[in-house]
Structure formats: C-alpha cells, structure tokens
Amino acid sequence: MESWEKLIGNKNTAKGWQWPAVTAPDETIRKRVLENWDRIAKPIEGMGRFETLIAQIGAITGSEQIDLSRKAVLVMCADNGVVEEGISQSGQEVTAAVAEAMGAKKSSVCRMAGTVGADVIPVDIGINKKEPIPGVLDRKVKRGTENFRRGPAMTEEEAVRAIAVGMDMVSACQTDGYRILATGEMGIGNTTTSSAVTAALTGCEAKAVTGRGAGLDDAGWNRKCRIIAEAVETYDLKHASPIRVLFAVGGLDIAGLAGVCMGGAVCHVPIVLDGVISLAAALLAERILPGTRAYLLPSHKGKEPAAERLLQELKLEPVIDAGLALGEGTGAVMMFSLLDMALSIYNGGTGFSEIGIAPYKRGGQTVSPRAGGREREGEKGL
C-alpha cells in the first residue's frame, strides 16, 4: 500500500496533520470469546485476565477463531543527542553495537524470541551511523536527534515521518501474515526522552517519573532530572500538543513506536507493549489518535518510575511485575509465551461434557455449553 507518510499528507494549518480514523474493536466478537471461555471445563474466569486479553485480541482482529502463530517484535533503533549531556553511562556507539547484534540474531531479544517462535525485525529509524547495518532494516529519518537541551530534538516533519515509518511497518507485517506484533527499542539515552515525554504529557514533576536508566549514580540522576525539568519548562510542554512534545524532547524510536501503536489501531492488529519507552510512545499515540489504546496489550510493569504513571494514564494493567529493565522488547516476548499458553486452552480446551461434569455456574446461573454461552446475565462469581 501507499506509504502512510503520503496518506497523512502535508500539514494543513486549519486541520493539522491528516491522521486516519480509528474504529472500535468488535464488541460482539469480544462477547463470543468470553462465552467460549465459559464453555471450557474450568472454574469461571479460571484463567483470570488472560480470558479478557484473548477476548480483546478477538475483538481487535474481528474473529473468535484466534491464531497467533505468526508474531514479530518491531525494534526501533535510534540515537538521542541529549546523551552528550552525560545522562547515560554509555555512549551512542552502544546503540549501533546492539543493533548489529540484533541484525545477527544474537541480542537478548533474539534469543528469547527464538524460544517462542517470534521473529525480530530491527529497524534503523535514527542510528547515528552512516553505513547500513546487516540484518537491520534501513528506515532512517536522520542520524540521531539533536540535543534537546540546546534546541528541539527534531522538526515536526521528522517526527511525523518517523510515526509513518512505524505505521508502514505494521501494514507490511500484516500483509506478510503476522497476526500479532510487539514493540521493542534500542537507543542509548531513551529513558531520558521517555521520562521527558511522560513529564510533559502527565504534568508530573521530572523527579517523579525519572529513573536511573542503566545505573546512574546520584549525581548523574540529579543532572538527568534537572535537564528534563528545564526542557519541559523551556518549551512549555505541559500546555503543548502531543506532536510538539514529541518533536521537542522525544526520540525517533519513540516516534516510530507511536506509529506502530497507531498502525495497530488502524489495521486492527494487536500490539503488545514492552517497557517504559513503549508506554511513552503508546500514550503519545493515544493522544494523537484517540482510540488507539483499545488495540494495545500491556506486558510488564518495569522498574522505571514513569512506567506506573503511564500505565495509569493508559488504563492498562500489566500481568508481569518482575522489575524488568532490559528493553529491546524482551518483556513483550515474555508476554507472547503467556498468550500462547492461554490460547492453547482456548483453542483446545476440554468441554464439561467430555469429562462428565456439570457446567460451572456464573452467579448461580448455569453456563450452558450447548446454549452458546450464558443462559442469562448474572453476577460474577462461582
């Protein structure tokens, strides 16, 4: 299909960017999937939130026949100019090094994805390196962002181009037969950009949503918080549009991931979110294109302080709380494995009649395996 960059079109001063429309997931399908869960020989809601997550996937895809056999992680790789302010233990060269490992299928997320049959698709959306990296898709918007302490991280047009890259990736993956996608990222300094975006979008103080990244000491953390707070004030971001927040203090990886979230909503592809960078991108996507959040599945909470506030804003509740902070999409890959196990019950579960027991009741009312679900609405409970 035509690139989303062209479909979004040139900026119109009266209407702004021409973003596509989002339609809501299919609630009829969601209800059918939940009814299918109730016909399986198990306690009512015995699989907990995985029943509602599988139902959400059904509503997103528009089918109660759920197939997650083809899945991929889209890893947006980009550098951030603010690194020159000493907000990270590592230099920008690490971004390229890890991207090279991804291209060679040797990075952490590649190892994990291989165990669950998922593909890893690394995308160079803004690595500060001129030469292409083997095994990494070249979708570079620019060679890293500017240092947002000295000026906006990118132009508005560059931010929109990066969003379009993410949307294009979702469209291409859907055409290639992928049924579910996950977000991943690699970019030294991106906990700073994601914290800045979070502070701007939520109105929180910088210190409340800024962590230590890969392990800053007290002096480094205080410097990081100060730089974020100064930028939010300088650009007046607490009163700014989400696009302005993105191009002022965001990263190209965040922009690309926002595009992945928006692409999932437009194309009706479920998107599994990773950690704090993905969550910051998801909130941007929802603010730019309302309704996007209905197409997003959380994976883990993560240990960056911004993550909890972002999850609250998105009204999402992750199922994994293990203090993960690796990035690359690793938490989302863990979620893939959990969804696969839940789906094995949904698609192959044993009915009550097959094992000779009476169906469980919901609120004292029988859930009939032959009546197509609940005989009538009742209170939750066994």
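Laboratory data are not the source of any read-out in this text; all were calculated from the coordinates shown. On a predicted model such as this, the values are computed, not experimentally measured, just so you know. Reconstructed Cβ throughout: ideal geometry from the backbone, glycine too, with neighbour counts over all protein chains shown.
The table below lists the values:
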{"quantity": "Residue exposure sequence - THR193, THR28, THR292 - by fewest surrounding Cβ within 10 Å", "calculated": "THR28, THR292, THR193"}
{"quantity": "GNM top mover of ILE243, ILE254, ILE60 - the chain, alpha-carbon springs below 10 Å", "calculated": "ILE243"}
{"quantity": "Listed peptides 96-109, 322-335, 209-222 by packing density, highest first (mean Cβ within 10 Å)", "calculated": "322-335, 96-109, 209-222"}
{"quantity": "Mean separation of Cα contacts under 8 Å, 6 or more apart, over the residue count of the range 161-318: relative contact order %", "calculated": "33 percent"}
{"quantity": "Stokes-Einstein translational diffusion, the chain - Kirkwood Rh over all Cα pairs, 1.567 mPa s, 4 °C, in µm²/s", "calculated": "61 µm²/s"}
{"quantity": "Too-long pairs where the Cα-Cα distance tops 20 Å, listed order kept, from LYS71/LYS315; LYS42/LYS361; LYS42/LYS71; LYS71/LYS106", "calculated": "LYS71/LYS315; LYS42/LYS71"}
{"quantity": "For the range 132-208 and the range 66-131, distance of Cα centres in Å", "calculated": "12 Å"}
{"quantity": "Percentage relative contact order, the range 71-339, counting C-alpha pairs under 8 Å, at least six apart", "calculated": "24 percent"}
{"quantity": "Other-chain or far-sequence residues with amide H under 5 Å of ARG362's (modelled H)", "calculated": "VAL367"}
{"quantity": "Integer Hz, Karplus 6.51/-1.76/1.60 couplings in order for the range 94-103, x for Gly and Pro", "calculated": "5, 4, 5, 5, 5, 4, 4, 5, 5, x"}
{"quantity": "Degrees, to the nearest 10: 330-348 long Cα axis against longest axis of the chain", "calculated": "10 degrees"}
{"quantity": "Residues LEU137, LEU74, sorted so that the one with the fewest Cβ neighbours within 10 Å comes first", "calculated": "LEU137, LEU74"}
{"quantity": "Footprinting exposure proxy for HIS268, HIS239, HIS300 (fewest neighbouring C-beta atoms within 10 Å first)", "calculated": "HIS239, HIS268, HIS300"}
{"quantity": "Choice from PRO298, PRO359, PRO122 showing the highest fluctuation, given a GNM over the chain with Cα pairs closer than 10 Å", "calculated": "PRO359"}
